[in-house]
Each structure stands twice: as C-alpha cells, then as structure tokens.
Amino acid sequence: MTATAAMNGPSTDRTRFSRDLDSIREKLLQMTGIADEMLTDAVEALLSQNASLGEVVIGRDDAIDDLDRQIDQEVLLLLTTEQPVACFSLRFLSATLKVTTDLERIGDHAVNIALSAQRMAEDGIGYESLMDVRKSLQIARGMLGDALQAFTQHDPRLATAVIERDDEADILYREAQRELRAAMQSEDSAPRDRDR
C-alpha cells in the first residue's frame with residue numbers, strides 16, 4: 001500500500017460511513033412518510049366509511065415492514081463492521097433501532113383502524129364521533145414529523161416541544177374515554193322495550 005493510499009484510507013472509510021448514515025436517515029424519512037400516510041388515510045377511512053381506502057392502508061403495511069428490516073440490517077452492519085464507532089454515531093444507530101420499532105407500530109395501529117373501518121362499513125355502522133378525531137390526528141401527525149426532525153437533526157429544543165405537546169393529545173384521549181363511559185352508562189340505564 002502506498003503512503004498516499006494509506007493516508008486516504010481512513011478518510012475514504014469515514015466518507016463511506018457518512019454515506020451509510022445518510023442512507024439510514026433517508027430510509028427513516030421514507031418510513032415516516034408511509035406511517036403518516038397510513039395513519040391519515042386510516043382515519044379518513046373510518047370517518048367516511050370507505051372500505052376501499054382501508055384496503056389501501058392495509059396494503060401499505062408491507063412497505064413499512066420492508067423498510068424496518070432494511071434499516072435494522074444497515075444499522076447492524078455498521079455496528080459490526082465500523083470499529084470503533086464514535087459515541088455520537090453509536091447513540092444515533094442504537095436509537096434508530098428504537099425509532100423504527102415505533103414507526104412500524106404506528107403502521108400497525110393504522111392497519112387496525114383501517115380494519116375497524118372496513119368492519120363498520122360492512123355492518124352499516126356509521127362512525128359517531130366522541131372526540132375530535134381530526135384534531136387528534138393533526139396533533140399526532142405534527143408530533144411525528146417534528147419528532148423525526150428533532151431526531152435526525154439532533155435538535156433537543158424541538159424534541160422537548162414534541163414531548164410537551166403530548167399533554168394535549170392525552171387530554172383529548174381522556175375526554176373521549178369519559179364521553180364513552182357516559183354514553184355506555186346512559187345506554188345501560190335506558191328503559192328496555194319489554195315487548196321484544
């Protein structure tokens with residue numbers, strides 16, 4: 001190996017490592033985009049009783065699962081072949097494995113909503129909103145996008161803002177739970193038609 005090649009070796013390795021990190025970030029963005037679309041369309045399918053849109057959501061689950069596997073493989077490959085890995089990069093790669101798990105879970109939740117929308121459409125059951133679902137969706141989508149931006153751009157202030165917004169989503173959820181319990185109690189206490 002020439003002196004020039006030896007000098008260029010580590011730099012070339014670092015450049016490849018940077019490209020690999022960029023590839024992982026790009027796949028995270030793709031995965032987030034798919035999760036966001038699935039969640040948005042699943043809620044729309046529920047509200048509009050659109051079984052076909054629900055089927056589209058379910059069909060996207062394979063794409064998000066594939067990206068999850070690809071990212072996991074790329075992260076594990078970097079961790080095993082790039083030694084030593086700088087502390088910062090090691091934390092990023094380790095956290096990426098957790099992030100992809102959460103994104104895949106969002107996709108699974110979207111599929112569950114889409115399946116509920118299909119069952120309700122088949123049974124002719126209209127969705128009766130006990131909460132502002134669109135507002136909840138807006139909050140969730142905003143949190144998802146900002147959380148990924150905070151993660152990939154290493155922005156602690158934006159991350160803190162996302163965490164603080166969780167309280168707003170929790171309030172809507174608790175209100176929905178209270179309304180649902182009240183509706184169930186009201187139905188239980190309603191007089192029955194004894195002729196039936």
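The values are calculated or read from the model by the stated rules, or taken from the named source; none is laboratory data. These numbers were taken from a predicted model, which means no experiment stands behind them. Accessible surface is based on the protein model in full, side chains and every heavy atom, while ligands, DNA and RNA are left aside. Shrake-Rupley method; radii C 1.70, N 1.55, O 1.52, S 1.80 Å.
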Task: Among (1) modelled with pLDDT of 85 or more; (2) over 18 Å from the mean Cα position of the chain (by Cα), the one test that Lys135 misses - done: (2)
Open item on the list: With the requirement that a residue be open to solvent by less than 40 Å² (accessible area, probe 1.4 Å) and either among the polar types (S, T, N, Q) or part of a loop (DSSP other than H, G, I, E, B) (or both), what does segment 146-177 give you?
Closed with: Thr152
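Tell me the helices (runs of 4 or more DSSP H) entirely within segment 1-115 that contain at least 1 residues that are more than 20 Å from Ala147 (Cα to Cα), at pLDDT below 90 and open to solvent by 30 Å² or more (accessible area, probe 1.4 Å). Steps first, please.
Values: elements: 3-48, 51-59, 61-81.
The qualifying helices (runs of 4 or more DSSP H) are 3-48, 61-81.
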